[in-house]
Structures are given as structure tokens and as C-alpha cells.
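Below: the structure, in C-alpha cells.
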Amino acid sequence: MKKSYSIAEALQKLRHYCAYQERCHKEVKEKLYAMNMIPQAVEQITGTLVSENYLNESRFAQQFTHGKFTIKHWGKIRIVRELKVRAVSDYDIQKAIMAIDTESYLNTLTSICQKKWNQLEGISLEQKKKKLYDYLAYRGWETELIYDQIGQLAENYRE
């Protein structure tokens, strides 16, 4: 049988949960439901966390976007998709995506393209292009940017 929590105990646990790492509303609600909290308690605790600034969807979207772009090198499409899965508002998503510096975005794409291109050895030019496209598309980079990069790399390619 699962332990039951009072609102005060659950609130304290969730303060630590949110202080440790930025969380979205959906994650917090899922955590509370996993703790067997009733819907009224979930809403009350969520409201308290928002008013105490432990929970901030805009801040979450900004940090998530920054982390996934700089550390995992995800493109905008993948970041937007993942934020939507987490039920972040379109306004917060757009604000977070706009915060990505265009020059940095393109430089990151160029460097990961070059690195992956150099790793793909011993296969035909067409296979190389397909593998690079699939790699970048999975990570959420825009199709037109991928094709531009592949075109530049293929021009300099010698078998």
C-alpha cells in the first residue's frame, strides 16, 4: 500500500522537487497524482508552488530550450515538439525558441554536420547524405537547413 501524504507534507516534497530542477506543471501534477493526492489537493499545491515561484512555465521553457540546444544539440522542431508533449503554452514555447541566437544556431548545425559527415566513412555519397539527413531530422533540425548543409558538404566531397 502506498503512503498517504498530508497537503503540507506533499507541498514540502514538491518544493524540493521543483527546487532541484525546473519543472513544468504537467510533471508536478503527475508527481502529485503518483503520491495519491486528490484533484483538489493537486490544484491547491500547484497554485501554492506557482505563487511561491517554485513553478514557472516560462522559466521552464527557457531553461529546457537552452539546455536541449546547447547540450544535446537539438533543433527547434524537436524542442517545440518536446515542450508541447509537456503541455507548455504556445506563447511560452515561442518566447523560448525566439531566445535562441540565430548565428549560434547555424554555427551549431554546421559543426554537428561536419562532425557527423566525417564519421560516415566507407559508404557512397548518397548513403552518406541520407544518413546525415536522418540524423539531423531526428534531432529536429529544419529540412531546408539540413539540405543546405548537405549540399555544401557534398560539393567538397571526394570519394
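The values are calculated or read from the model by the stated rules, or taken from the named source; none is laboratory data. Small disclaimer: the values here were computed from a predicted structure and weren't measured. Here Cβ is always computed from backbone atoms with ideal geometry, including for glycine, and neighbour counts include all displayed protein chains.
Condition first: at pLDDT 90 or above and among the basic types (Lys, Arg). Can you find one or more residues in region 2-9 that meet it?
No, region 2-9 contains no residue that is at pLDDT 90 or above and among the basic types (Lys, Arg).
Is it fair to say residue 136 is touching a Cys at 6+ places or on another chain (Cβ under 9 Å) and in contact (Cβ under 8 Å) with a residue 60 or more places away in the chain?
Yes: the conditions hold for residue 136.
Taking region 68-124, which residues are surrounded by 12 or more Cβ atoms within 10 Å (Cβ to Cβ) and of a type in the set (Asp, Glu)?
82, 92
I need the full set of residues from region 18-45 which are under 22 Å from the mean Cα position of the chain (by Cα) and under 20 Å from residue 85 (Cα atoms), in order please. Reasoning before the result, please.
Initial filter on region 18-45 (under 22 Å from the mean Cα position of the chain (by Cα)): 18-31.
Passing the criteria: 18, 21, 22, 23, 24, 25, 26, 27, 28, 29, 30, 31.
Check 22, 27, 43, 9 and return the single one that is surrounded by 15 or more Cβ atoms within 10 Å (Cβ to Cβ), assigned to a helix (DSSP H, G or I) and either in the same structural domain as residue 108 (by TED's automatic domain parsing) or out of contact with any His (no Cβ under 9 Å at 6 or more places or on another chain) (or both).
27
Closer than 26 Å to residue 3 by Cβ and either touching a residue at least 40 places away in the same chain (Cβ under 8 Å) or among the aromatic types (Phe, Trp, Tyr) (or both) - does that describe any residue in region 32-41?
Kept after step one, since they are closer than 26 Å to residue 3 by Cβ, are these residues of region 32-41: 32-41.
Those still in the list that are either touching a residue at least 40 places away in the same chain (Cβ under 8 Å) or among the aromatic types (Phe, Trp, Tyr) (or both) too: 33.
Yes, because at least one residue in region 32-41 is closer than 26 Å to residue 3 by Cβ and either touching a residue at least 40 places away in the same chain (Cβ under 8 Å) or among the aromatic types (Phe, Trp, Tyr) (or both).
Show the residue pairs that are 6+ apart or on different chains and have beta-carbon atoms under 7 Å apart, the first residue being within region 86-111 and small (Gly, Ala, Ser), the second being part of a helix (DSSP H, G or I).
87/25; 87/26; 89/57; 96/61; 96/62; 96/65; 99/62; 99/65
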